[in-house]
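Reviewing the structure listed below.
The values are calculated or read from the model by the stated rules, or taken from the named source; none is laboratory data. If you're wondering where the values come from, they're calculated on a predicted model, not measured in any experiment. Reconstructed Cβ throughout: ideal geometry from the backbone, glycine too, with neighbour counts over all protein chains shown.
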Amino acid sequence: MQKGQIFKIHSDFYYVNSKGKSYECKLREILKKQKQKVYVGDFVEFKDGAIEKILPRYNYISRPSVSNVDRVIIISAVKEPELSFSQLNRYIAFAKYHGIETVLCFNKNDLSNDDSTIEKVFSIYEPLGFDILFTSALEGDGVEEFKELLKGKTSVLCGASGVGKSSLINAICPGINIKTKNVSEKTQRGTHTTRHCEIIDIDNDSRIVDTPGFSNLKFDFLLPTRIDTLFDEIYKYKGQCKFQDCLHLTETGCAVKEHLGSCIDPTRYESYKEFVEEAREYKEKIKYQGIKTETSHKKINERTAAKISTRKRQSSRNTIKQNVYKDMENERTD
Ligand SMILES: Nc1nc2c(ncn2[C@@H]2O[C@H](COP(=O)(O)OP(=O)(O)O)[C@@H](O)[C@H]2O)c(=O)[nH]1
Ligand SMILES: [Mg+2]
Ligand SMILES: [Zn+2]
């Protein structure tokens, strides 16, 4: 039996890297029957072109489906497509949900000739502790820093189609020639040139995962009371709210609302509200679904209750993460 890591999946074929060699493998029938999810990044045991076992994951992100990564780099474009803070907050919250360190990269900086975007980005995201990078894959600005960022890690690039993910990889690794495509003038989006996730070796100790852009990322898989765990600056005040189950919307004695505009940026709070609405849809859906789903969901509710009672302890952060991982079993994936 050999051990290796899946670096690419194409329909039924799994490409495994083992000691620098690549192997084209299929999945053992038994794993298919078990409906075993297989991700790019999974460590596996294989023999004679058949994957026998998926080894435990260190972490994973479900959209795009990649496992065992050190960091998520969220790529946005400052223009073409227009920078959307709402979309950015969505990606940030999603990475937070998966418990993976996040860096923010703003590409196509050559297209912007005013500093107001840069200022706004720094004013909102720097206090939240994010590393922030402005780049131009086209003109080379910030590309060295981008490359530096990748050193010694496996980084996954997330971001809408057309923001320049593949172009950035090409810029740091000129020989690699990943296909990129023009942004459609009509929709201001790039067409899907990168169709699959793939781990690319940049050099001996840096690896990057190019991903296709993805839309319809919605928070319709967790409870509304959980959304605040995805916003550090909101979660920070939760303990001071009058009601333990405060959703920070219209409740009295809400400490979050008291800090709105000072410690909490209004655009971040807007995103929070948006996600709560999506999570509400999920809650409704569960309510009206069959008994089976309901009972399995009751378990989640119990965990939530347990979580709330210990939420003031610092160690509760880990508990939250574990609960979140359990929730993910119920999450819909692409
Ligand atoms: N002006 C400008 N265009 C860029 C930059 N980076 C990428 N593009 C263009 O944006 C389009 C989409 O790029 P691509 O790398 O395919 O985006 P992806 O879908 O995120 O992988 C292509 O036409 C690129 O030439 C940049 O820094 N500046
Ligand atoms: Mg691409
Ligand atoms: Zn509140």
task = Select from segment 203-233 the residues that are closer than 15 Å to Thr102 by Cβ and in a loop (DSSP other than H, G, I, E, B) and write down the one among them that is nearest to ligand 1 (Cβ to nearest atom).
result = Thr211
request  = Return the residue satisfying two criteria in turn: it lies in segment 139-178 and is small (Gly, Ala, Ser) and in a helix (DSSP H, G or I), and of such residues it is farthest from ligand 2 (Cβ to nearest atom).
outcome  = Ala171
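Test of understanding: among Lys257, Lys236, Lys242, which residue is part of a loop (DSSP other than H, G, I, E, B) and either at pLDDT 95 or above or within 26 Å of the chain's Cα centre (by Cα) (or both)?
Answer to the check: Lys242.
In segment 176-190, is there at least one residue being away from ligand 1 (no atom under 13 Å from the Cβ) and at pLDDT 85 or above? Break it down stepwise before answering.
Step one: list which residues in segment 176-190 are away from ligand 1 (no atom under 13 Å from the Cβ), which gives 186.
With at pLDDT 85 or above added as a condition, the list becomes none.
Scanning segment 176-190, I find no residue that is away from ligand 1 (no atom under 13 Å from the Cβ) and at pLDDT 85 or above, so the answer is no.
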Residues that are under 21 Å from His196 (Cβ atoms), of a type in the set (Asp, Glu) and either surrounded by 14 or more Cβ atoms within 10 Å (Cβ to Cβ) or modelled with pLDDT under 95 (or both), drawn from segment 12-53 = Asp12, Asp42
remark   = Residue hits (segment 61-82; without any contact (Cβ under 8 Å) to a residue 60 or more places away in the chain and of a type in the set (Ser, Thr, Tyr)) are Ser67
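Just to check your reading of the model, which residue among Asn89, Asn107 is more than 30 Å from Leu222 (Cα to Cα), touching a residue at least 60 places away in the same chain (Cβ under 8 Å) and crowded, with 16+ Cβ neighbours inside 10 Å?
Numbers: Asn89 fails: more than 30 Å from Leu222 (Cα to Cα).
Answer to the check: Asn107.
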task = Kindly establish whether Leu247 is within 16 Å of ligand 1 (Cβ to nearest atom), surrounded by fewer than 20 Cβ atoms within 10 Å (Cβ to Cβ) and aliphatic (A, V, I, L, M).
result = no
query = Only one of (1) within 18 Å of Ile92 (Cβ to Cβ); (2) at pLDDT 95 or above is not met by Leu247, so which one is it?
reply = (1)
query = Between residues in segment 124-144 that are in the same structural domain as Val103 (by TED's automatic domain parsing) and residues that are in a loop (DSSP other than H, G, I, E, B) and exposed (fewer than 15 other Cβ atoms within 10 Å of the Cβ), which pairs lie under 8 Å by C-beta distance while being six or more apart or on different chains?
reply = Ile132/Glu126
